[in-house]
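What follows is a short report on a single structure.
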Amino acid sequence: MKKKVLAMVLGVAMVMATLTGCGTDKAATAEPVVVTAEPDVAAEDSSAAEEGEAPAEDVAGDVSADVQAIIDRGVLRVGVKNAVIGFGFQDELTGEYSGMEISLAEKIAESLGVDVEFTTVTAATRTELLDSGDIDCVLATFTITDERKQSWDFSTPYYTDYVTVLVQKDSGITGLADLKDKKVGVSSGSTSARSLVTAMVENGVLSGDGFDKETFDPSTWTDGISFAQYDDYPTISTALSAGEVDAFCVDKSILAVYHTDDRTYIDDKFAPQEYGVATTKGSGFSTYVDGLVTGWLSDGTIDGLIAENGIE
Ligand code: GLU
């Protein structure tokens, strides 16, 4: 299949203006930007014939209207992270994205025979952009939960991470028990605060009185731990340095970029986080994507991407 190279779109100028000269933290605070992936393979690509990469009509039997709309558009629009090394990371100078979620998105686009366009998302913006139709799918360390499954479709999980907590070494915090009565920075729209309270209850650090997973709200919880919610991870990292929060809690893959020499993880990791490709609920594209992901899980493609990207 001939892989089309789309001209760099308007987002690039924005990326350069926003990111040049800025640290990693700044990169992750950038407003969602759009760039077109630059395929790093030769224009002629025979891999589409491989297992799990059949053209749309072969995977779904017949092409659904949602899949056909993407094919007709010629571009798959994907929401990705820009500061999660190994998953979705954007080079500040070139604007190029890399990581296993980027490769998976490129492979989905390849399978459809279309180009791919990336938009940087955060935990707070990824569902808004999917709901508004600005993007077709999300590959952004997006944990599958029963609650979320009521609003969006998720593919079979392609990776499982865990939640942990990053602290300043000089804080003396080494485990869940030390987090009692501390203030923890979490991202809005994430599973992190609920996962942490659940782990503290399960480990007997908190009584669990009044804790209901269904109705839990980090902004109002003050029983033995409290939370400050932020729109993005760089801001939590800055808040940790400034002492505004005592700890930074999220998936280990996300924390890695903020793990500087003066910081350490606590000993505990908890709450398995299964990442799936999120798509619009009930769309034919959901079925299509799940067919690809399950194929790539069984033929070793996903294991290969995990290894290639240095993910544990
Ligand atoms: N993976 C977690 C979630 O989906 C952490 C947030 C994030 O992905 O940024 O809630």
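Bear in mind that the values in this text are calculations on the coordinates, not laboratory data. Everything quoted here is computed from the prediction, not taken from an experiment. Cβ sites come from the backbone with ideal geometry, for glycine too, and all protein chains shown count toward neighbours.
General remarks:
- Each of M200, M100 was scored by other Cβ atoms within 10 Å of its Cβ. Listed from fewest to most, they are M200, M100.
- For the range 157-184 and the range 56-132, distance of Cα centres in Å: 31
- Among T164, T119, T191 the positive-end extreme of the charge dipole of the range 106-211 (Cβ point charges): T164
- Each of I311, I302 was scored by other Cβ atoms within 10 Å of its Cβ. Listed from fewest to most, they are I311, I302.
- With only Cα atoms counted, the range 116-267 has Rg and Dmax values of 15.8, 48 Å.
- Stretch gain in nm, segment E274-A177, where the contour uses 0.36 nm per residue and the Cα spacing is subtracted: 32.4 nm
- Taking 7 Å steps out from each Cα toward its Cβ at K281 and D72 produces label points 2.6 nm apart.
- Spacing of the two label points (7 Å from each Cα toward its C-beta) at S241 and V201, in nm: 3.6
- Protection-proxy order for peptides 75-86, 289-300, each taking the mean of Cβ atoms within 10 Å per residue, highest first: 75-86, 289-300
- Averaged over residues, the count of other Cβ atoms within 10 Å places the peptides 120-127, 256-263, 87-94, 155-162 in the sequence 120-127, 87-94, 155-162, 256-263, highest first.
- Hypothetical label at R148: residues of the range 219-244 whose amide nitrogen lies under 16 Å (7 Å Cα-Cβ projection): 232-233
- Ranked by the mean number of other Cβ atoms within 10 Å of their residues, highest first, the peptides 144-152, 103-111 fall in the order 103-111, 144-152.
- The range 233-292 - Rg (one decimal) and Dmax (whole number), Cα, Å: 17.0, 48
- Farthest positive-ward along the range 211-312 dipole, Cα basis, beta-carbon charges - from S219, I266, G284: G284
- Computed label-point distance, nm, for sites T160 and L297 using a 7 Å Cα→Cβ extension: 1.0
- Amide hydrogen neighbours beyond the local backbone of T125, cut-off 5 Å, H modeled: none
- Tensor-based shape of the range 187-241 (alpha-carbon gyration tensor, a/c under 1.5 rounded, otherwise prolate or oblate): prolate
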